[in-house]
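The structure appears below as structure tokens.
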2 protein chains.
Amino acid sequence: MRLVVVAGTTETARIDGISAAGADPALMRHTPGADLDVVVHGEPTLAPVVPVSPTGCPTPAVATRAACELLGFDALAVDAGVAGRTGAPTVDVGFGPGADVREAEAVSRAAETYANARELGAALPDDRIVVGETVPGGTTTALGVLTALGEEPTVSSSLPENPLDLKRRVVAEGLDASGLAPGDAAGDPLTAVRAVGDPVLAAVAGLTVGAVESGTAVTLAGGTQLATAAALVRHAGVEAPLTLATTSFVADDDTAGIADLAASLDLDVRATDPGFDGRDHPAMAAYAAGEAKEGVGMGGALALVDDADTSMAAFRDRLVDVYDRLLADDGGDADVDADR
Amino acid sequence: MRLVVVAGTTETARIDGISAAGADPALMRHTPGADLDVVVHGEPTLAPVVPVSPTGCPTPAVATRAACELLGFDALAVDAGVAGRTGAPTVDVGFGPGADVREAEAVSRAAETYANARELGAALPDDRIVVGETVPGGTTTALGVLTALGEEPTVSSSLPENPLDLKRRVVAEGLDASGLAPGDAAGDPLTAVRAVGDPVLAAVAGLTVGAVESGTAVTLAGGTQLATAAALVRHAGVEAPLTLATTSFVADDDTAGIADLAASLDLDVRATDPGFDGRDHPAMAAYAAGEAKEGVGMGGALALVDDADTSMAAFRDRLVDVYDRLLADDGGDADVDADR
């Protein structure tokens, strides 16, 4: 088993009110590289921040790192277009950040990114991979891709109140700029990603197809973004069994409609509850209140914890350790060292 | 503790008779990426070959991987200018392959490579790093740098018969093309690397300086190339204690003069004998006969085995396992899958 985290950026995240994957829009571009640093090294090394939401909710990378430490496995970081810096070693499959979905082309080199990732997926020597993502703004690009493919256009949010109306307006503008109507890209996943997706979607889809083709089982570790990657895989004609391992926070988000979306894509859904309800710790209370919800493979990491010879209580203890190392010193104001 | 392998290429390796770090000159460009794949994944994933010498001697990456598996640690791969492909995740500090040392500039962006690596070395969260290299042709560039710095110009070889006369002629031509006489770059390490070095030397020196400056102990894992990186560090004015952990094969190579070179650079030398003498296995017999000798951190990996709660016999067993997985199927003719 290998946990793979695919990281990238899209200019879409700069749209005001779209994402909470960073303390502010200027810091958000550092989130993917910092997430990789946190998962791989347990702390930012070359990234200048620990990602937190505007209210201080820590990145789900903290949970994924806690699972890595508790279970003793390492993550493979894949760079599909990271804008900021990272000290995590990466396999590079992309060509820089994605554009704003409201441009004519959101991922101009979607096909090459997909092909590179597919080759990597086929080459990995594992029986099973668990694939997560980190890309601020990624639920909006996911909504764009689902709409372009003609799938159920529902996505979750890192914000407690999902700004779905805003996302829909942005996606409508993006489809218009690309000369596409909803459903026009059915059966043509690369057109959907190129027009209104992000580089991480191209890479996760390619990685999944390559892995499946070489006999590797794939668990998609995330919520609506990973379900959207699965939609791309299905529209590429791949019918292999796929599991979507997500958090209870996404599963409980009625605006996300994850169960219906997954059913329509023939995905097995597994939602794991880390037991954060009622915990008086900033790494848990914000999630219980509906922030962040998922990301950086958190749902898959929780499933691995659930399957292992350990307890969710031990996971929570480790989560607090990781959080305290990263954020406790400065009271959660994580951007003090940021090179802004 | 973290094992770091810095990989890169130099066009110097294309000079006929310079290096045995590949089955032939066309395959040699794949060696660094393949070495990283072997160390990190235990097999080539995106690299098209298992590196072997023209006579079939396997890359020392096999030994380093065996130590990783036996002791349960992971390696960090650093890309200082890999020409071929690798599926190993890397931190990138370089700007592509180095030029032939006979050009005016062998590493035109030596200063930036050094600076990037220095920043990485300072950022790594480890108490101690063990740093190895993979760069075919690297003993010739090392000879160039030692000569430019005015240090004792002696280096080892991956060939049983060290082609020192050829290396000296190449280096003399390189210094001439760079407008340098021997010793002209004393106290100016970046000039030496830019003129007649390779990108790996720039990166290892920068990594070491950054690590030492941030309180991280550094073991240089290799022979005369790593000693040359230490020379660059000394000429940068850094006087911290440094250990050179090498194999008994380099220590026993009179042409390498490693003891005198190390003494002149104030390096503690530790040579570890893996006990290959008299073993009837291709992964060991070729080394005992003087091939390869060192590389990809092998000397450091052996020292870690020697310090651990295990035996050199267990290491040799694991080495055979790794070799058999990689090479036994095709009788040691490892390039059958090569995309030449």
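The values are calculated or read from the model by the stated rules, or taken from the named source; none is laboratory data. Remember, it's a predicted structure, so these values are computed and weren't measured experimentally. Note that each Cβ is placed from the backbone with ideal geometry, even for glycine, and that neighbours are counted across all protein chains shown.
If you go through the range B:35-56 and keep only what is of a type in the set (G, A, S) and surrounded by fewer than 24 Cβ atoms within 10 Å (Cβ to Cβ), you end up with B:G42, B:S53, B:G56.
Restricting B:D309, B:D329 to residues that are modelled with pLDDT of 95 or more and surrounded by fewer than 19 Cβ atoms within 10 Å (Cβ to Cβ) narrows the list to B:D309. The residues of the range B:69-85 that are of a type outside the set (D, E, K, R) and more than 17 Å from the chain's Cα centre (by Cα), listed by number, are B:L70, B:L71, B:G72, B:F73. Inside the range B:101-144, residues that are away from every other protein chain (no Cβ under 14 Å), assigned to a loop (DSSP other than H, G, I, E, B) and buried (at least 21 other Cβ atoms within 10 Å of the Cβ) make up a count of 7.
Within this structure, B:V5 fails the test of being touching a Leu at 6+ places or on another chain (Cβ under 9 Å), in a helix (DSSP H, G or I), within 14 Å of chain A (Cβ to nearest Cβ) and crowded, with 21+ Cβ neighbours inside 10 Å. Selection within the range B:19-55: residues that are within 14 Å of chain A (Cβ to nearest Cβ) and in a helix (DSSP H, G or I). The member of this set that is nearest to B:V82 (Cα to Cα) is B:G33. Output the residue which, of all residues in the range B:230-254 that are without any contact (Cβ under 8 Å) to a residue 60 or more places away in the chain and of a type in the set (A, V, I, L, M), is nearest to B:R270 (Cα to Cα). Only one residue tops the list, namely B:L244. More than 14 Å from chain A (Cβ to nearest Cβ), crowded, with 24+ Cβ neighbours inside 10 Å and either touching a residue at least 12 places away in the same chain (Cβ under 8 Å) or more than 26 Å from B:L261 (Cα to Cα) (or both): is that true of B:T86 in this structure? It is false that B:T86 is more than 14 Å from chain A (Cβ to nearest Cβ), crowded, with 24+ Cβ neighbours inside 10 Å and either touching a residue at least 12 places away in the same chain (Cβ under 8 Å) or more than 26 Å from B:L261 (Cα to Cα) (or both).
Please work out if A:R234 is surrounded by fewer than 23 Cβ atoms within 10 Å (Cβ to Cβ) and in a helix (DSSP H, G or I). For A:R234, the condition - surrounded by fewer than 23 Cβ atoms within 10 Å (Cβ to Cβ) and in a helix (DSSP H, G or I) - is met. Restricting the range B:252-277 to residues that are part of a loop (DSSP other than H, G, I, E, B) and among the acidic types (D, E), the residue that is surrounded by the most Cβ atoms within 10 Å (Cβ to Cβ) is B:D253. If you check A:T219, A:T191 for being touching a residue at least 40 places away in the same chain (Cβ under 8 Å), assigned to a helix (DSSP H, G or I) and not acidic (D, E), only one passes: A:T191. Scoring B:T208 on the criteria (1) closer than 26 Å to B:E11 by Cβ; (2) among the hydroxyl-bearing types (S, T, Y); (3) without any contact (Cβ under 8 Å) to a residue 40 or more places away in the chain leaves a single failure, condition (3).
Candidates are the residues of the range B:57-76 that are buried (at least 24 other Cβ atoms within 10 Å of the Cβ) and within 13 Å of chain A (Cβ to nearest Cβ); the one that is farthest from B:R128 (Cα to Cα) is B:R65. Considered as a group, the residues in the range A:89-99 that are assigned to a loop (DSSP other than H, G, I, E, B) and within 14 Å of A:G8 (Cβ to Cβ) include one that is farthest from the other protein chains (Cβ to nearest Cβ), and that residue is A:A99.
Looking at A:D79, is it surrounded by fewer than 22 Cβ atoms within 10 Å (Cβ to Cβ), within 14 Å of chain B (Cβ to nearest Cβ) and within 20 Å of B:L36 (Cβ to Cβ)? Answer is no for this residue.
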